[in-house]
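Worksheet: the structure to be examined is printed underneath.
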Amino acid sequence: MRLTLTNVDCGYSASSPVLGGISFSVETGQICCLLGPNGVGKTTLFKTILGILKPLNGYVEMNGENTAHWSARKLAQNMAYVSQFHNPPFPYKVRDVVLLGRVSNTGYFGQPSQLDYEIAEAAMADMGITHLRDTVYTDISGGERQLVMVARALAQEPQLLVMDEPTANLDYGNMVRVMSKIRSLRDKGFGVIMTTHSPDQAFMCESIVCLLQRNAPLIFGFAHEVITQENMRSAYGVDVKVIEFFDTHNRLVRMCSPLLEE
């Protein structure tokens, strides 16, 4: 699977697009981290990729097909969205929340089949939350809720997962756990696009990066190519230093450290 954006203009009015000339591609087995300052248009770009907004110009394609002509059902069977906000109106059990990911296959009034239950179970196993199956969703921690939302997305059986700040409001431990599971999705052959405010998460995932800037072209490439002192200053207006060291397993680790003013 390849998601390709070609010369895409995003926004709500052709006379004043939020983003213009966006071109990049993401394939299965890749993670793409979308970086950029607040208000630069990351959410608008997500809405365009997901088909909520039509491109003002250009094309969004999956496997060479223009998604503008796809039905909502077909989009849901190929792309799954994981929001940073999810407050269920009822105290569903975790298994039932994950089963909601099967709606694009069963319909809103259809009864889940045995296959649907098996797919939901597999999704929970992938996220390491099988033990929470019968727990009420509202009674679990924020990190566990985020993994449930990813499992629900996996239950759609998509090729691509689109995640909006998947570690927002999580403590450090839960952030690391969620990022570890997201990284495992790449190894399972999924394509992932996620927004983040932390350049370090792009390094953690060994991802490709799409860096959006105000009044400047986007920068696209591998994390170590895009996350540089010059590019961070250009995008965010702050000075950073990229630190490199080898961990106890002799793996190269990169981190982005801000240079605070005295």
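Figures for the structure shown
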quantity: Tail weight of P(r) past 28 Å, computed on alpha-carbon pairs of the chain, percent; calculated: 37
quantity: Max mean-square fluctuation residue, GNM over the chain, Cα-Cα springs under 10 Å, options Phe246, Phe85, Phe46; calculated: Phe246
quantity: Cα-projected label distance for Lys188 with Ile52, points at 7 Å along beta-carbon direction, nm; calculated: 2.4
quantity: Virtual spin-label span in nm between Ser180 and Glu225, 7 Å along Cα→Cβ; calculated: 3.1
quantity: Fraction of antiparallel bridges per DSSP, the chain only, in percent to nearest 5; calculated: 60
quantity: Axial C-alpha extent at least 24 Å, average Kyte-Doolittle at least 0.5 - helices from the chain (DSSP); calculated: none
quantity: Choice from Gly101, Gly142, Gly36 showing the highest fluctuation, given a GNM over the chain with Cα pairs closer than 10 Å; calculated: Gly142
quantity: Centroid-to-centroid separation of region 206-262 and region 35-92 [C-alpha atoms, Å]; calculated: 26
quantity: For Gln114, net neighbour charge (Lys/Arg +1, Asp/Glu -1) across residues whose Cβ lies under 12 Å away; calculated: -2
quantity: Top positive-direction residue, dipole computed over the chain with Cβ charges, set Tyr172, Leu100, Ala125; calculated: Leu100
quantity: Computed label-point distance, nm, for sites Ser113 and Glu61 using a 7 Å Cα→Cβ extension; calculated: 3.3
quantity: More than 16 Å apart - percent of Cα-Cα pairs taken over region 188-251; calculated: 50
quantity: Environment charge at Val240 (Cβ cut-off 11 Å; Lys +1, Arg +1, Asp -1, Glu -1); calculated: -1
quantity: Surface/4 of the Cα convex hull for region 140-262, nm²; calculated: 9.5
quantity: Förster radius 22 Å - calculated FRET efficiency between Ala168 and Val253, Cβ distance, rounded to 0.05; calculated: 0.40
quantity: GNM result for the chain, Cα springs below 10 Å: residue of Asp96, Asp187, Asp171 fluctuating most strongly; calculated: Asp171
quantity: Mean residue ellipticity (222 nm) of the chain, computed from DSSP H runs ≥ 4 via -39,500 (n - 2.57), nearest 500; calculated: -9000 deg cm²/dmol
quantity: For Tyr92, net neighbour charge (Lys/Arg +1, Asp/Glu -1) across residues whose Cβ lies under 15 Å away; calculated: +2
quantity: Packing-based ranking, highest mean first, of 112-121, 72-81 given that Cβ atoms within 10 Å are counted; calculated: 72-81, 112-121
quantity: 13 Å reach of a label modelled at Tyr92, 7 Å along Cα-to-Cβ, counting backbone N of region 118-142; calculated: 120, 136-138
quantity: Cβ-placed point charges (K, R +1; D, E -1), dipole of the chain about Cα centre in debye, nearest 20; calculated: 500
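All of the numbers you see were taken from the coordinates with simple rules; none came from a lab. Keep in mind that what you see is a predicted model, and the values were worked out from it rather than measured. Neighbour counts run over all protein chains shown; Cβ positions are idealised from the backbone, glycine included.
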